[in-house]
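Structure first, commentary second.
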Amino acid sequence: MTRGSRVRRPATLASLAAELGVSRTTVSNAYNRPDQLSVQLRNRVLETARRMGYPGPDPVARSLRTRQARAVGLLLTEELSFAFSDPAALGFLEGLAGACENAGQGLLLMPASRRNSDVTTVHQASVDGFVVYSVPEQDPHLRAVLERPLPTVVADQPMNVPGVDRVGVDDRGGMLAMAAHLVELGHRRIGVICMRLNNTPADGLADLDRQRTAGYSVQRERLTGLREGFASAGVDWTEVPVVQRFDHTLESGASAAADLLDAHSDLTALVCTSDVLALGALRLAGERGWSVPEKLTITGFDGVPEAIGAGLTTVRQPVREKGRIAGELLLSRGDRTEPKSVILPTELVIGRTSGTATPPTRWFSGL
């Protein structure tokens, strides 16, 4: 820096008020309580502020003074990209963001890696409340949220957190309807592909004990719905192969479908606990030349746009409405002390991928 250079001091609320010849309260109201000023006066304050380089009241100082951050924290125990790549999560995020926007609140995305038990992000988050999206039971980040004296809403799972609002869908009922549909079509030899059951990375067959002790209650409920629905037709659940995939991707669905059909040549239907896994199974069917639904029925759960566009038979859940309600429960809680639980209905959507069961056919990998 040369000797003759000048550093311009940033304008302050006081210097802006002096420039305008008004009180500091008037300047503050232009930003925080615009209804207290005439349109002309507020515009004059804001225009002068822009000219002088005044950025507005310090949000950190304001939050310390008012004890309000004017932001909602969304806790995801996944990588941040999950919120923008998983179609069901994206729909939920859209609904939640809309509720925050309508209330004039910000939204802070808080990814908390399942591989890291450090809860500093939760402890240091400057938010007025939390929405916890689909985390496993006993999750350390959820415990950290509950340690803070802030309103909290759990979306999907875990279920029945004491004193906390929850919004979810009828996962068990949705799968009961799917099981009834497949039974009516004559399917008795059925394989299941499910999302992760616990937070420990693991792929492969999920035995009855692993299903019963699943830390992800949504998956546990969907499997229970299938088990109860098939039992009505005399299908022995112990004979139904259930394969889990830890990663929720198309590739995971395809590899799980290959494992099931290579090991169980008499299956006539694959039931997936998510549309993403089902779309992966459909991809594999196309690559191997399998006819869907003439030789193999494939179904999903979620009703995301990609699945509906592909003609997938699925259970549709209102993901955007779920996000909106989660936000509204949090932002309109007021002085309410009793927790609320909102369970949204699901809808069976019969597409082109489910058909009448045919006699068992030997499946070849083509290798």
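The values are calculated or read from the model by the stated rules, or taken from the named source; none is laboratory data. Note that the structure is predicted; figures quoted are calculated from it, not measured. Cβ placement follows ideal geometry from the backbone for every residue including glycine, while neighbour counts extend to all protein chains displayed. The protein model used for the area step is the full one, side chains on, heavy atoms only, and it has no ligands, DNA or RNA in it. Shrake-Rupley method; radii C 1.70, N 1.55, O 1.52, S 1.80 Å.
Things to note:
- Residue in segment 228-245 that is surrounded by 16 or more Cβ atoms within 10 Å (Cβ to Cβ) and out of contact with any helix residue (DSSP H, G or I) (no Cβ under 9 Å at 6 or more places or on another chain) present: no
- The number of residues in segment 110-125 being out of contact with any helix residue (DSSP H, G or I) (no Cβ under 6 Å at 6 or more places or on another chain) and under 18 Å from LEU330 (Cα atoms) comes to 1.
- Put simply, of GLY311, GLY323 the only residue that is of a type in the set (Gly, Ala, Ser), closer than 22 Å to ALA177 by Cα and open to solvent by less than 50 Å² (accessible area, probe 1.4 Å) is GLY311.
- Among the residues making up segment 280-295, those that are in contact with a helix residue (DSSP H, G or I) (Cβ under 6 Å, 6 or more places away or on another chain) and of a type outside the set (D, E, K, R) are GLY280, ALA281, LEU284, VAL292.
- Any hit, segment 294-315, residues being touching a Pro at 6+ places or on another chain (Cβ under 9 Å) and either at positive phi or free of Cβ contacts under 8 Å to residues at least 24 places away in the same chain (or both): yes
- Strands (runs of 3 or more DSSP E) wholly inside segment 252-367 containing at least 1 residues that are at pLDDT 95 or above and farther than 30 Å from GLU101 by Cα: 269-272, 297-299, 314-316, 347-349
- Subset of segment 120-146 [open to solvent by 30 Å² or more (accessible area, probe 1.4 Å), farther than 27 Å from ASP171 by Cα and touching a residue at least 24 places away in the same chain (Cβ under 8 Å)]: HIS123, SER126, ASP128
- Where THR224 falls short, out of the listed (1) touching a helix residue (DSSP H, G or I) at 6+ places or on another chain (Cβ under 6 Å); (2) under 30 Å from SER265 (Cβ atoms); (3) at pLDDT below 95; (4) among the polar types (S, T, N, Q): (3)
- Single match in SER341, SER354, SER291 (criterion: within 23 Å of the chain's Cα centre (by Cα) and polar (S, T, N, Q)): SER341
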